[in-house]
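What follows is a set of notes on a single structure, which appears directly below.
What follows draws every value from the coordinates through simple rules; no lab data is involved. Here the structure is a predicted model, which means the values were calculated and not measured. Note that each Cβ is placed from the backbone with ideal geometry, even for glycine, and that neighbours are counted across all protein chains shown.
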Amino acid sequence: MTTTYESADLLLKLYDLRREAVMRKARAWFRADFHPASAAEVLTIYRGKNSAPYRMVTTYWNMAAALVLHGAIDEQMFADTNGEHVMVYARLEPHLAELRAALKNPGYLDQLEKLILRMPDAQARLARVRGTAAPAGKPGGAKRPRRVA
């Protein structure tokens, strides 16, 4: 297990990587334009012109999750300073089983998935990110329309 200082140092290094120009552009694309409705759409992107930004974002967050899961970064400190990884997982989670089969990679994004699902409020956070959380005091929730990349 790392010290608080070591965790903070690694988190700042991860932050610096996120600020790099190409990564920043990839993250902006993922946030604004990546709203797949199916695994087939994800695979088209994975193999198409937006393959690089897609892979950059997903592998970055899977790597960051692995650092946390292996004790290099304190899990609570990571949770307190990051949230984008929840959005990344929320957009891919409905398609992960199909993606893993199509890619013949049963461990595809497994570190990100493990980290997200360990959060005590994982399902509520995922619902909020997806826009399906119920407003306070009301059952159900409104779904946002999906945009296709």
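Name the one entry in THR2, THR58 that is out of contact with any Lys or Arg (no Cβ under 8 Å at 6 or more places or on another chain), within 19 Å of LYS114 (Cβ to Cβ), not acidic (Asp, Glu) and not in a helix (DSSP H, G or I). Answer to the selection: THR2. Scanning region 19-39 for residues that are assigned to a helix (DSSP H, G or I), touching a residue at least 40 places away in the same chain (Cβ under 8 Å) and surrounded by fewer than 16 Cβ atoms within 10 Å (Cβ to Cβ) returns ARG31, ASP33.
Residues in region 93-108 that are in a helix (DSSP H, G or I), free of Cβ contacts under 8 Å to residues at least 60 places away in the same chain and either touching a Phe, Trp or Tyr at 6+ places or on another chain (Cβ under 9 Å) or over 18 Å from ALA37 (Cα atoms) (or both): LEU96, ARG100.
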